[in-house]
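*Asks:* First the structure, which I've put down as C-alpha cells, then a few questions once you've had a look.
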Amino acid sequence: MTLLSIRGLTVHHGLLRAVDGLSLEMERGEVLAIIGANGAGKSTLLRALAGLDAPTSGTVHLAGRDITRFPAHRRVSAGIALVPEGRRLFRSLTVEENLLTGAYRGRPGPWSLEAVYELFPWMPDRRRQNAAQLSGGEQQSVAIGRALLSNPDLLLIDELSLGLAPVIVRRIYGALRDIVAAGTTALIVEQDVSQAMRVADRVNCLLEGRSVLAGRPAELSAEQVERAYFGIRDGED
Ligand code: ATP
C-alpha cells in the first residue's frame, strides 16, 4: 500500500532549484535511502516533507491525503516526524525532557517513553542527564526517540550516520530495523553510500535536485551508483 506519493516536487532557495520536479513513491513498511553528493537537495527534500521548506510546485500525498500545503505542526499530526540534520536537541534539557517534547501533538500508537527506553536500553539510567553531556550517537538516538514519540507513520532521518563511529552506526541501524518492524516507514538521508545499500529496501540517488537513479540495492551495480552520484553521463569517464 502506498504511504507517500511525491509528484513533480520543486523547492527553491532563492533562484536555486534545490529540488527539481522530483517524483517518488513509498510503500508502507519500507526503508528508502536518499543518497547524493553535497548540495544534491537531500536535506531540502526532507525539510519540504516536514513542512519546513515550502514547495514552489508539485504535490505530496500521505496515505492518500494531500498534505502539500500543511504547515509543519499539522504534518506531525498527520503522521510525519523529522530527525533533523545535526540532531537539534535542547542542550539544557534532560534526555527525558527532550524525548517528551516529541509527544506534543503526538498520535496514539506503539511508541511511548517506555517503548523508546526498551529500544535504547542505555537511556533510562541517563534520563536525567543533560543532552549536552551525550555523545553524538547517544544524541542521535534521543533525536530518533523524540521523533518516535509522535507515533509517526513516516519517519524522516537526515544524515543518520554523519560523524558517528561505525559500531554506533550499526547499533542505530539495528534499532531502525525494530522501528520498521513496529510498523513505521523510514525515509533516510545517508551520505555513506555502501551503508545505504546495506540497510535500505530501495535507494534513490539525487543530483542537482533530480532523481538520477532509483532501485533495489541488489539490482544496482556499484558502477551505476558511482556514475549517478557523480553525474557522469554515458560515454563520459
Ligand atoms: P548536504 O549533504 O551538503 O547537506 P544536500 O543534498 O542535503 O547536501 P541541500 O542541503 O538540500 O543538499 O542543499 C541543496 C542546495 O540548496 C545546495 O546548493 C545548498 O547550498 C542550497 N541551500 C540549502 N539550504 C539553503 C538555504 N537555506 N538558503 C539558500 N540555499 C540553500
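*Asks:* Going residue by residue through region 184-196, is there one that turns out to be open to solvent by 50 Å² or more (accessible area, probe 1.4 Å), in contact (Cβ under 8 Å) with a residue 40 or more places away in the chain and either within 16 Å of the ligand (Cβ to nearest atom) or more than 30 Å from Leu113 (Cα to Cα) (or both)?
*Replies:* Yes, because at least one residue in region 184-196 is open to solvent by 50 Å² or more (accessible area, probe 1.4 Å), in contact (Cβ under 8 Å) with a residue 40 or more places away in the chain and either within 16 Å of the ligand (Cβ to nearest atom) or more than 30 Å from Leu113 (Cα to Cα) (or both).
*Asks:* Looking at (1) within 13 Å of the ligand (Cβ to nearest atom); (2) under 30 Å from Gln133 (Cβ atoms); (3) charged (D, E, K, R), can you tell me which one Arg88 breaks?
*Replies:* If we test Arg88 against (1) within 13 Å of the ligand (Cβ to nearest atom); (2) under 30 Å from Gln133 (Cβ atoms); (3) charged (D, E, K, R), just (1) comes out false.
*Asks:* Could you please find all residues in region 197-237 being at pLDDT 95 or above, surrounded by 13 or more Cβ atoms within 10 Å (Cβ to Cβ) and out of contact with any strand residue (DSSP E or B) (no Cβ under 8 Å at 6 or more places or on another chain)?
*Replies:* Matches in region 197-237: Leu207 only.
*Asks:* Give region 15-52 a look and list any residue that's in contact with a helix residue (DSSP H, G or I) (Cβ under 7 Å, 6 or more places away or on another chain) and surrounded by fewer than 19 Cβ atoms within 10 Å (Cβ to Cβ), or say none.
*Replies:* The answer is Gly29, Ala37, Leu52.
*Asks:* Here is a list of conditions, (1) modelled with pLDDT of 95 or more; (2) over 17 Å from Glu85 (Cβ atoms), and Pro110 meets all of them except one; can you say which number that is?
*Replies:* The single condition Pro110 does not satisfy is (1).
*Asks:* Additional query: Does Thr94 satisfy the criteria of being touching a strand residue (DSSP E or B) at 6+ places or on another chain (Cβ under 9 Å) and either without any contact (Cβ under 8 Å) to a residue 40 or more places away in the chain or surrounded by 16 or more Cβ atoms within 10 Å (Cβ to Cβ) (or both)?
*Replies:* Spelling it out, Thr94 is indeed touching a strand residue (DSSP E or B) at 6+ places or on another chain (Cβ under 9 Å) and either without any contact (Cβ under 8 Å) to a residue 40 or more places away in the chain or surrounded by 16 or more Cβ atoms within 10 Å (Cβ to Cβ) (or both).
*Asks:* Do you know which residues across region 17-71 are of a type in the set (A, V, I, L, M, F, W, C) and assigned to a loop (DSSP other than H, G, I, E, B)?
*Replies:* Correct list: Ala37, Ala40, Ala50, Leu52, Ala54, Ala63, Ile67, Phe70.
*Asks:* For the structure I just gave you, tell me whether Arg91 is within 30 Å of Val19 (Cβ to Cβ) and among the basic types (Lys, Arg).
*Replies:* No.
*Asks:* Now, a different point. If I filter region 143-151 for residues that are at negative phi, open to solvent by 10 Å² or more (accessible area, probe 1.4 Å), at pLDDT 95 or above and not in a helix (DSSP H, G or I), do I get at least one hit?
*Replies:* Looking for residues that are at negative phi, open to solvent by 10 Å² or more (accessible area, probe 1.4 Å), at pLDDT 95 or above and not in a helix (DSSP H, G or I), one finds at least one in region 143-151, hence yes.
*Asks:* While we're looking at this one, here's another question. Provide a single number: the residues in region 51-75 that are farther than 23 Å from Glu190 by Cβ and either away from the ligand (no atom under 16 Å from the Cβ) or under 14 Å from the mean Cα position of the chain (by Cα) (or both).
*Replies:* Number of matching residues: 14.
*Asks:* With Gly136, Gly163 as the choices, which residue is at positive phi and surrounded by fewer than 24 Cβ atoms within 10 Å (Cβ to Cβ)?
*Replies:* Gly163
The values are calculated or read from the model by the stated rules, or taken from the named source; none is laboratory data. All values reported here derive from a predicted model rather than from experimental measurement. Counting neighbours? That spans all protein chains shown, and the Cβs are built from the backbone with ideal geometry, glycine included. Note: accessible area is taken over every heavy atom of the protein model, side chains too, but ligands, DNA and RNA are not part of it. Shrake-Rupley method; radii C 1.70, N 1.55, O 1.52, S 1.80 Å.
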